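Working notes for the structure below.
Please treat every number below as a calculation from the coordinates, not as lab data. Predicted model, so just to flag it, every value in this text is computed and none were measured. Cβ placement follows ideal geometry from the backbone for every residue including glycine, while neighbour counts extend to all protein chains displayed.
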Amino acid sequence: MVLAASRAETRRVSLGARLGRALLIFVSIAFLALLLLAPLGAVLAQALANGWQAYLESFLDPDTRAAIRLTLLTAAIVVPANTIFGISAAWAIAKFEFPGKSLLITLIDLPFAVSPVIAGLVLVMLFGVHGWFGQWLQDHDVAIIFAVPGIVLATIFVTFPYVARELIPLMQQQGSEEEEAAITLGAGAWVTFLRVTLPKIRWGLLYGVILCNARAMGEFGAVSVVSGHIRGMTTTIPLQVEILYNEYNFVAAFAVASLLALLATITLVIKTLVEWRADRRTG
Amino acid sequence: MAAHWLRKPSVLPGFGLTLGFTTFFLSAIVLLPIAALAFETASLSWPRFLSILVDPRAVASYRLSFGAALLAAGINGVFGFVVAWSLVRYDFPGRRLVDALIDLPFALPTAVSGIALATVFAPKGWLGLKLAAAGVQVAYTWIGVVVALILIGLPFVVRSVQPALLEVQRDLEEAAESLGAGPFTIFRRIILPAVLPAQLTGFTLALARGIGEYGSVVFISGNLPLKTEITPLLIVIKLEQFDYEGAAALGFIMLVMSFVMLFAINLVQAWGRRRHVAQEH
């Protein structure tokens, strides 16, 4: 792609074309710098406003530590659950023909189209005090809303399509001939999946998993609705950022936010590496 | 296997297991909670339901959520195209880095972009200070909402348009150029028709995301009732006041809106595929 672009450019030599090129590149970079780099820079500048000492001390706060632990716990449940779901959905959809398939695909995409606040709201309608299971849960002393299970469920809801969305087109495009050959030659279902399918989809799978993880650790709206904001108990990292920010504790808020910015950066780096690999394979 | 009757025969195993698990998980996590919201709304009487929906505070919130999302998606339609064009057609230092950076709004948690934007555009922030000198206040006004939604929607447009631009037939452009067409004619007659479906898809995706966006908006919007309060925030406020009926009714309307947007996206994509096929034959 790079080669094709530079070859095309040597062909265009007119002054007008060169001016247009410079202008468009300048507009693109200025727009992105204003929109993406300025906020990212602001996070770092505010986090380090009082020096490294103050930055590091922000992480000694027990509530912040509890928030980090809760976010890690949530991701540890949500990411495997949606990975298993994603593989299962992609297998059913890509390998078989059945009626209602396109409806199923649309429904899997639904959480992407729904506001995160609605994702939290529907759980309140199901498990909240006034919800369908509210009375039963209260009688049996089970807390879901304003407790950790609600946070986990809300996070599963919003990250639901990530892995499936990556795997379905990939597996559809790859076809099933190799799997069919393996089965015909006598390989079992698990062996076929682990030895034939998994090596073919591992990069797409990795990509889906890291995106799912980034969203799971960073989800704010849905979790905010069901969390109840009990400090040190039901606050995840993004909610802790909100609490600190609303208390005008900006250094701590941005220090904690910088953790999430770091996570986003790592996610983008892995994503870029995965894409490079895919490019080299096909190119 | 019992599931044989509903699928075409295949030698591959696991159909019943994977489809069963997929349907079960989808129903338990997504469909059942959505059904609960629909039933809660259905238990409201019509007059009650309507009075919640046409309440002036709610109407003002729709206008802001929808209007700001529309404006932001439109601005992204223009700048997203310019960015996609620069990335596909030109080679410049740092192109790879810029390309990777486009996905930052996907990866960065919305609360982080929210507080960062609020800080940058606050009256005393880096950009806010300069804009204040020009008499423009972004933070805590509707403009702030639009700025946040531009950030959130940008990757949708760029990532939709990029592959379509790669497929534009360059020989057509060259032929038009050699026949004396100027750059604007080439853009209008060759490039725009080729990328229009992708452009519309990106626009609709950005719009859908913008209507429901919460985290990146609430820090910069100021959240004044009737002025800078988005619909998702109004739902949160109603829940905090234990007004479950009000929250359910507004949530239901937003859910309907999501279905409409999802349908529109599918429609636009199907249209794009048909055009694509028609062009190749």
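In region A:62-120, which trypsin sites (Lys or Arg not before Pro) are in a loop and have at most 14 other Cβ atoms within 10 Å, using DSSP for the loop call?
none
Restricting attention to the alpha-carbon atoms of region B:1-110, what are Rg (one decimal) and Dmax (integer), both in Å?
Cα-based Rg and Dmax for region B:1-110 come out at 24.0, 62 Å.
What value, in deg cm²/dmol to 500, does the helix sum -39500 (n - 2.57) over DSSP H runs of n ≥ 4 give at 222 nm once divided by the residues of the protein assembly as shown?
Details: 31 runs with 425 residues, N = 564.
For the protein assembly as shown, the value works out to -24000 deg cm²/dmol.
Which of B:SER221, B:LEU165, A:GLY221 sits farthest toward the positive end of the charge dipole of the protein assembly as shown, with +1 on the Cβ of Lys and Arg and -1 on the Cβ of Asp and Glu?
Comparing the listed Cα positions along the dipole, B:LEU165 ranks first.
If I build a Gaussian network model for chain A, linking alpha-carbon pairs within less than 10 angstrom, which residue out of A:VAL122, A:VAL158, A:VAL226 has the largest mean-square fluctuation?
Maximum fluctuation in the GNM of chain A, among the listed residues, is at A:VAL122.
Calculated FRET efficiency, B:LEU129 and B:VAL59, Cβ-Cβ r, R0 35 Å, to nearest 0.05? Please list the in-between numbers first.
Details: r = 35 Å, r/R0 = 0.99.
Result of the calculation: an efficiency of 0.50.
Other chains near A:251-259: what is the mean number of their Cβ atoms within 10 Å of each residue's Cβ? Don't jump to the answer; show the numbers that get you there.
Numbers: counts 0, 0, 4, 4, 0, 2, 8, 1, 2.
Partner Cβ neighbours, averaged per residue: 2.
How big is region B:54-280 by the Kirkwood estimate over distinct Cα pairs, in Å? Each step should come with its number before you reach the end.
Values: mean 1/r = 0.0519 Å⁻¹.
About 19.3 Å for region B:54-280.
Filter chain A for me: DSSP H helices, axial length by Cα at least 20 angstrom, mean Kyte-Doolittle hydropathy not below 0.5. List them by residue number.
On the way: long enough: A:15-32 (26 Å, 1.81); A:62-95 (49 Å, 0.98); A:198-218 (29 Å, 0.71); A:250-282 (47 Å, 1.15).
Qualifying helices: A:15-32, A:62-95, A:198-218, A:250-282.
For an R0 of 22 angstrom, estimate the FRET efficiency from the Cβ-Cβ distance between B:ARG188 and A:GLN173 and round to the nearest 0.05.
0.05
Connecting C-alpha atoms closer than 10 Å in a GNM of chain A, tell me which of A:GLY131, A:GLY100, A:GLY120 has the biggest fluctuation.
With Cα springs under 10 Å in chain A, the top fluctuation among A:GLY131, A:GLY100, A:GLY120 is at A:GLY100.
Only sites in a loop by DSSP and with at most 10 other Cβ atoms within 10 Å count here; which trypsin sites (Lys or Arg not before Pro) in region A:184-247 make the cut?
Listed in order of number, the matching sites amount to none.
Given C-alpha coordinates of chain A, what is the ratio Rg to Rh with the Kirkwood estimate of Rh? It would help to have the intermediate numbers written out before the result.
On the way: Rg = 23.4 Å, Rh = 22.2 Å.
My calculation puts Rg/Rh at 1.06.
Would you kindly state the longest site-free stretch of chain B, with sites defined as trypsin sites (Lys or Arg not before Pro) in a DSSP loop (not H, G, I, E, B) surrounded by at most 15 other Cβ atoms within 10 Å? Can you show the working numbers first?
Values: sites that count: B:LYS124, B:LYS227.
Excluding the exposed sites themselves, the longest stretch runs over B:1-123.
Can you give the net charge of the other residues whose Cβ lies under 13 Å from the Cβ of A:VAL226, counting K and R as +1 and D and E as -1?
Values: positive: none; negative: A:GLU219, B:GLU240.
Combined, the nearby Lys, Arg, Asp and Glu give -2.
Give, as ranges by residue number, the residues of region A:83-120 whose backbone N falls under 12 Å from the point 7 Å along Cα→Cβ of B:ALA270.
Of the residues in region A:83-120, A:102-103 have backbone N under 12 Å from the label point off B:ALA270.
Can you pull the mean other chain C-beta count within 10 Å for peptide A:86-93?
On the way: counts 1, 3, 10, 7, 2, 9, 11, 3.
Taking all residues of A:86-93 together, the mean is 6.
Rounded to a whole number, what is D in µm²/s for the protein assembly as shown from Stokes-Einstein with the Kirkwood radius over alpha-carbon pairs (20 °C, 1.002 mPa s)?
On the way: Rh = 25.2 Å.
It comes out at roughly 85 µm²/s.
Between B:LEU31 and A:GLN138, what FRET efficiency comes out of the Förster formula 1/(1 + (r/R0)^6) with R0 = 30 Å and r the beta carbon distance, rounded to 0.05? Display every interim value, and only then the final one.
On the way: r = 24 Å, r/R0 = 0.80.
In this case the efficiency is close to 0.80.
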